[in-house]
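Just below is one structure, and these are the notes that go with it.
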Amino acid sequence: MEDRVTTSIQDIGLLDLQRTGLSPSESRAFLDQLQKVLNEAGKSPPAIWERISTSLLKIEHPDPLHQLIYNSTYHNWDVHKLGPPPVWFPKLEEANCTNIGRFMNLKGRTYLGPSYKNPIDSYSAFQKWSAAHPDIYLEHVLEEMSVVFHQRPKCILDTSDEKMPGGIWLPGSVFNVAESCLTPHRKINKTDDSVAIIWRDEGSDDMPVKTLTIKELRAQVNRVANALQIAGFKQGDAIGIDMPMTVYAVISYLAVILAGMVVVSIADSFVASEIATRCRISRAKGIITQDHILRGGKRLPLYSRVVEANAPKALVIPADAKSVSVQLRDGDLSWDQFLKAADKRGRSEMFKAVTVPGEAFCNILFSSGTTGEPKAIPWSHISPLRCGMDGWGHQDIRSGDVIAWPTNLGWMMGPFVVFAALLNGGAMAVYNGSPLGRGYGKFMQDAKVTMQGCVPSLVKSWRHSSCMDGLDWSSLRCFSSTGEASSADDDLWLMSKIAYKGPVLECCGGTELAAAYAGGSFMQPQALAAFSTQSMSNTIVILDDNGNVYPEDQPCIGEVALVAVNFGASSTLLNADHDKVYYKGMPLYKGKRLRRHGDVFERLPGGYYKAHGRSDDTMNLGGIKASAVEIERVCNTANERVLETAAIAIPPLGGGPEQLVIMAVLKDGPTIPLETLRKQFATAISTKLTPLFKVSSVEVVSEFPRTASNKLLRRVLRSQLIARQKESVRSKL
């Protein structure tokens, strides 16, 4: 972590405190209180940190003070034997009130026998039980979510077909998952008057937030579903959605699915060629988009990219909620024209959901991929239930909760938020604008968000800009983080903003899984930038370089694989051989087929896990495997002017070992000579990782390419570097 100290918590003095930004009088008062806590808390570092974090450290204290106290508390902590030090601790009275806690207290003794104690002490055993009996676990969770079956499944899981390694889930079921999102459910206190969506447009930060109830949302979704049918679209048609995550995007998404059609997820950041690729692969019959994107005070073109992509019939929503500001192609419709056609026929706010077999497609999503065209991953109507299940079990989403996650329907976290919130009686919080500035943080405050999702690089931006200082996030129960390997420093900063009353729940999964395979839990102590558990009903293993499974519970690092029986996971691909991609060449584990995933994972002492990025973000330098994330972590601290870095390995044009290039984004200020940066990065890598890794060159750029959810695209940077390398050679010929 940053500001690493060489002193223990017992040896902190006034000067140490003043260096963090406290005044002399504040330092004396803090030191007096600190000594009192140390006298009462004993010698256990976790006990000391729990007392200090909850009773002494305050939100308004400077970030360096939080760093100093945390680092000095765990000064002598042996991470090699004990694992990462815990930063948040569950309380039994709160654990008993969670979804999982209630389930465990109800069924724990039935399933675990007399060894069951309580939701905290017995959680690990209960997770293993759920993985061994996923059908029993799922049956209970389905009763807790607002799922409307028109024909109930014959069973929960059918494993009789050997050609289906993951089994067949909910065979014989007939339903529509969008209808389930829009239907009241007495057991979870979800009514027509429950808030479904809370939103605000950028630039209206001082205006009250807007809301839609379940009843109001259902009426708007029904109106769009009717309009889709009148516009000529039919059941099973694929319809793209290419627009920011707005209230209109959510309404459109649910309407397409309610009408028995299939959403084609397209991120609004994509260029025309990427839009065209997704429309082609999915055979889309239409596309819902906006004329422009309003973000960060800028007006960015979107419809023009759809036209350039030669996308099919477009339904165009005005970005400013007034009228479309572009000339439309023949056959395309403005949103107003599209809806009025349904209204004229007297078909607006009433619509009967098109029910389909559970295995019918509802959404086609795409992996980001590393080479060639992206994998087209169909979600069935069953896949969203897995989103709801994870939201129920890990983020503990309940009636009255408000869920926010800056993302896009082009990536799986967009649909995840829709289903995790609405199937569990929670509300979605949607901000139409950039999540990078204070406006987004104020929206979190005003919407009274209870679970805030984020990407690590987004948190880093918030922290370094100080844009969130002074905001009231007291409604938050937790954060959740995914997309990249997290920074311990940034996670500590994030938790400090809610006075450590809730954890950062890391989660790691994949589009083809419809959710996470590892995450955090309200039942366990949480460590910074680490996963505390495999997800409920799920089993993962870690493979060595020869594809062998490491012994269970042994600290190790390697590629993660999943036991194939995984609720909600894909069973087919539109443009690739599913069995070849995920199963061919994979070993058995305890008689069960393993499923390939591709993440590099580390099992740590203490029961924690750490992510090291995708295996395609792992490079070979001098015959040694290196994680881009680990290299970036040390380079980020090599110079105080560095905001963030990206470690990229590229092959020399003449062949041979890959060379390490460090790309950097700098904070505002005077330029830094590239050779100076190269030497500083080399020194940091040599001293903090290994002297065997050599930095070939450094490039400074204004920003990195990212997905709509702010995930760093190293593969794009690698392609750009190789292209510039080739162009440089050609120019010299």
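The values are calculated or read from the model by the stated rules, or taken from the named source; none is laboratory data. These figures come from a predicted structure and were not determined experimentally. Cβ placement follows ideal geometry from the backbone for every residue including glycine, while neighbour counts extend to all protein chains displayed.
Details
- Some residue of region 457-477 being modelled with pLDDT under 95, in a loop (DSSP other than H, G, I, E, B) and of a type in the set (Phe, Trp, Tyr): no
- Residues that are in contact with a helix residue (DSSP H, G or I) (Cβ under 7 Å, 6 or more places away or on another chain), under 27 Å from LEU458 (Cα atoms) and modelled with pLDDT under 85, drawn from region 673-713: LYS688, LEU689, SER709, ASN710, LEU712
- Residues of region 556-602 classified as in contact with a strand residue (DSSP E or B) (Cβ under 9 Å, 6 or more places away or on another chain) and either in a loop (DSSP other than H, G, I, E, B) or basic (Lys, Arg) (or both), total: 23
- Tallying residues that are free of Cβ contacts under 8 Å to residues at least 60 places away in the same chain and among the charged types (D, E, K, R) within region 704-725 yields 1.
- Hey, ASP577 without any contact (Cβ under 8 Å) to a residue 24 or more places away in the chain, more than 26 Å from LYS91 (Cβ to Cβ) and either more than 24 Å from the chain's Cα centre (by Cα) or surrounded by fewer than 24 Cβ atoms within 10 Å (Cβ to Cβ) (or both) or not: yes
- Within region 403-419, the residues that satisfy the criterion of being in a helix (DSSP H, G or I) and either among the hydrophobic types (A, V, I, L, M, F, W, C) or without any contact (Cβ under 8 Å) to a residue 12 or more places away in the chain (or both) are MET413, PHE416, VAL417, VAL418, PHE419.
- Residue ID - farthest from LEU513 (Cα to Cα), chosen from residues in region 123-134 that are touching a strand residue (DSSP E or B) at 6+ places or on another chain (Cβ under 8 Å) and surrounded by 17 or more Cβ atoms within 10 Å (Cβ to Cβ): TYR123
- Counting only residues that are free of Cβ contacts under 8 Å to residues at least 40 places away in the same chain and either among the acidic types (Asp, Glu) or crowded, with 21+ Cβ neighbours inside 10 Å (or both), region 67-102 holds 3 of them.
- Selection within region 11-31 - in a loop (DSSP other than H, G, I, E, B) and either buried (at least 16 other Cβ atoms within 10 Å of the Cβ) or touching a Pro at 6+ places or on another chain (Cβ under 6 Å) (or both): ILE12, THR20, GLY21, LEU22
- Residue within region 154-161 that is touching a residue at least 12 places away in the same chain (Cβ under 8 Å), among the acidic types (Asp, Glu) and crowded, with 20+ Cβ neighbours inside 10 Å present: no
For (1) over 26 Å from the mean Cα position of the chain (by Cα); (2) on the phi > 0 side of the Ramachandran plot; (3) buried (at least 24 other Cβ atoms within 10 Å of the Cβ), each residue gets a yes or a no:
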{"residue": "THR211", "(1), (2), (3)": "no, no, no"}
{"residue": "LEU228", "(1), (2), (3)": "yes, no, yes"}
{"residue": "PRO244", "(1), (2), (3)": "no, no, yes"}
{"residue": "VAL256", "(1), (2), (3)": "no, no, yes"}
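- Residue check, VAL264 assigned by TED's automatic domain parsing to the domain that holds THR511 and either in a helix (DSSP H, G or I) or free of Cβ contacts under 8 Å to residues at least 12 places away in the same chain (or both): no
- Scanning region 177-194 for residues that are out of contact with any Gly (no Cβ under 7 Å at 6 or more places or on another chain) and either in a loop (DSSP other than H, G, I, E, B) or acidic (Asp, Glu) (or both) turns up GLU179, LEU182, THR183, PRO184, THR191, ASP192, ASP193.
- Filtering region 204-250 to residues that are basic (Lys, Arg) and either outside the structural domain of ASP343 (by TED's automatic domain parsing) or under 21 Å from ALA311 (Cβ atoms) (or both) leaves only LYS234.
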